[in-house]
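Report on the structure given below.
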Amino acid sequence: MLTHFKEKYIGSASFYKRYLCLALPMILQNAITNLVSFLDNIMVGQLGTEPMSGVAIVNQLIFVYNLAIFGAVSAASIFGAQYFGKGNHKGHMHSFRFKLYASLTVTAAAILLFITKGSTLISLYLTDTTGSGATEAALQYGLEYLAIMMIGLIPFAINQSYATNIKETGQTMIPMIASFAAVGINAVLDYLLIFGLGPIPKMGVIGAALATVIARYIEALIVIVWAHTNRAKNRYLEGAYRGFGIPKAEFKAILIKGLPLMLNEVFWAAGMTTVTQCYSVRGLEVIAGLNIATTITNLFNIIYIQLGGCISIIVGQYLGAGKLKEAKDADNKMIVFSVFCCALVAGAMLIFGGLFPQIYNTSEEIKALATSFIAVSAIIMPFCSFSHASYFTLRSGGKTMVTFLFDSVFTWVVVVPTSFLLARYTGLGIVSVYFLVQATEVIKVVIGYFMVKSDVWLVQMV
């Protein structure tokens with residue numbers, strides 16, 4: 001029994017070496033990015049609860065945009081990983097073009113929405129339970145922050161198109177280096193522009209937004225310049241800008257598989273922001289506490305998020321090469337490894353997570369709420385790891401409609417109604433409400449287990 005378990009779920013040293021060589025740069029890249037977001041959050045938090053809350057709400061809206069971009073490029077990445085695994089560089093180039101077109105279309109739509117409906121969207125999260133007028137101040141700070149952040153959406157979209165194609169070739173170091181450079185500059189500019197120094201004026205939330213936008217342009221520039229000066233490693237760029245077309249059959253295949261994926265990311269992100277809006281009826285203090293907790297939790301979540309992303313790359317390459325048995329074997333081992341790592345991370349999060357809220361310049365009530373939210377997230381993290389790995393397994397085989405049902409439909413049918421009813425129509429404390437909403441992840445674990453076990457995702461598409 002033990003021998004069978006080891007053979008099925010425990011890999012060799014060479015297997016983990018390949019997995020970690022791919023995963024560690026991605027984990028480090030996102031760790032640094034989230035660390036700078038954490039520092040940015042702390043610096044804005046020093047300005048007071050209202051600026052911190054206004055920025056946090058706008059970041060919820062940007063979060064929906066970011067995941068829409070992720071969905072747009074991921075649609076083509078399913079094919080891109082398999083094209084690369086098969087050695088079809090022209091097909092890889094067509095998937096790259098699709099990413100550019102899709103991400104820029106999403107960006108144009110997002111900018112139009114933010115310009116016309118920005119104030120309305122921010123106001124959805126503002127509930128004045130004290131009559132102090134704090135919500136009006138938070139709205140103004142949010143609008144100032146959003147106006148600058150929109151400038152950084154275009155380089156973000158283009159960078160994601162390039163970076164995901166580079167990662168599909170197994171070159172995860174370059175996006176990591178670009179991210180390191182960008183976040184380092186972001187951190188320095190955050191301090192200078194938020195608080196001011198010498199001739200540089202104190203800009204507050206506007207300074208925070210400017211620092212982020214400048215960093216995004218720098219990151220995109222590094223990735224794009226490297227890709228075009230290393231054509232031998234990026235053969236998908238051969239002829240990428242000589243013409244604009246995508247073969248009808250390939251475009252249709254990517255669109256059919258990719259549209260559910262992109263809609264899934266948008267609807268899931270919108271669902272998560274709706275859940276936050278449900279929590280917001282309990283007061284501005286809850287939004288502030290959630291902002292602190294989410295910033296901390298994101299630092300820990302990168303482990304299972306990036307390990308899951310690696311599953312889609314490695315399994316996708318095996319599937320593209322027609323190695324279905326190897327794909328299933330690798331998937332089993334990577335899922336177990338991801339859950340094991342997250343159990344360890346969750347333990348560390350329970351022990352040390354409560355220290356972080358003490359850094360913020362806010363009330364003790366908000367700090368206590370943030371500490372409780374972090375503890376709940378730690379308890380649920382291993383379950384999130386399994387469901388996330390299951391999602392990427394299904395996605396690697398092109399089962400995008402299944403993932404649409406598994407992810408966003410589940411969110412809107414189960415998670416959103418649960419949060420709405422518990423927050424508005426029960427006398428439960430907000431921490432209890434948060435725990436019960438997060439615990440719905442267990443249902444996804446059960447569904448994910450049976451879906452992965454069914455082998456419906458073992459498909460070679462190219």
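The values are calculated or read from the model by the stated rules, or taken from the named source; none is laboratory data. Please read these numbers as outputs of a predicted model, since none were measured by experiment. Quick reminder, even Gly has a Cβ in these numbers, built from the backbone with ideal geometry, and neighbours come from all protein chains shown.
Here is how the numbers come out for the structure above:
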read-out: Subset of the stretch 236-248 [modelled with pLDDT of 80 or more and either in contact with a strand residue (DSSP E or B) (Cβ under 9 Å, 6 or more places away or on another chain) or of a type in the set (A, V, I, L, M, F, W, C) (or both)]; value: 246
read-out: Residue match in the stretch 228-235 (condition: in a helix (DSSP H, G or I), modelled with pLDDT of 85 or more, out of contact with any strand residue (DSSP E or B) (no Cβ under 8 Å at 6 or more places or on another chain) and at negative phi); value: yes
read-out: Among the residues listed as 186, 165, the single one being farther than 30 Å from residue 83 by Cβ and surrounded by 18 or more Cβ atoms within 10 Å (Cβ to Cβ); value: 186
read-out: Qualifying residue in the stretch 372-394 (condition: outside any loop (DSSP other than H, G, I, E, B), under 20 Å from residue 44 (Cβ atoms), among the aliphatic types (A, V, I, L, M) and modelled with pLDDT of 85 or more); value: yes
read-out: Residue within the stretch 146-164 that is farther than 28 Å from residue 53 by Cβ, assigned to a helix (DSSP H, G or I), of a type in the set (A, V, I, L, M) and under 22 Å from the mean Cα position of the chain (by Cα) present; value: yes
read-out: Residues of the stretch 386-442 classified as aromatic (Phe, Trp, Tyr), free of Cβ contacts under 8 Å to residues at least 40 places away in the same chain and within 23 Å of residue 304 (Cα to Cα), total; value: 1
read-out: Residue 259 out of contact with any strand residue (DSSP E or B) (no Cβ under 6 Å at 6 or more places or on another chain), modelled with pLDDT of 75 or more, more than 20 Å from residue 84 (Cα to Cα) and in a helix (DSSP H, G or I); value: yes
read-out: Residues within the stretch 183-221 that are touching a residue at least 12 places away in the same chain (Cβ under 8 Å) and in contact with a Lys or Arg (Cβ under 7 Å, 6 or more places away or on another chain), tallied; value: 1
read-out: Among residues of the stretch 300-340, those that are under 15 Å from residue 85 (Cβ atoms) and among the aliphatic types (A, V, I, L, M), counted; value: 9
read-out: Single condition residue 246 does not satisfy, out of (1) surrounded by 14 or more Cβ atoms within 10 Å (Cβ to Cβ); (2) part of a helix (DSSP H, G or I); value: (2)
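Yes/no per residue for (1) closer than 30 Å to residue 359 by Cα; (2) assigned to a helix (DSSP H, G or I); (3) modelled with pLDDT of 75 or more:
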position	(1), (2), (3)
33	yes, yes, no
44	yes, yes, yes
52	yes, yes, yes
65	yes, yes, yes
75	no, yes, no
97	no, yes, yes
102	no, yes, yes
111	no, yes, yes
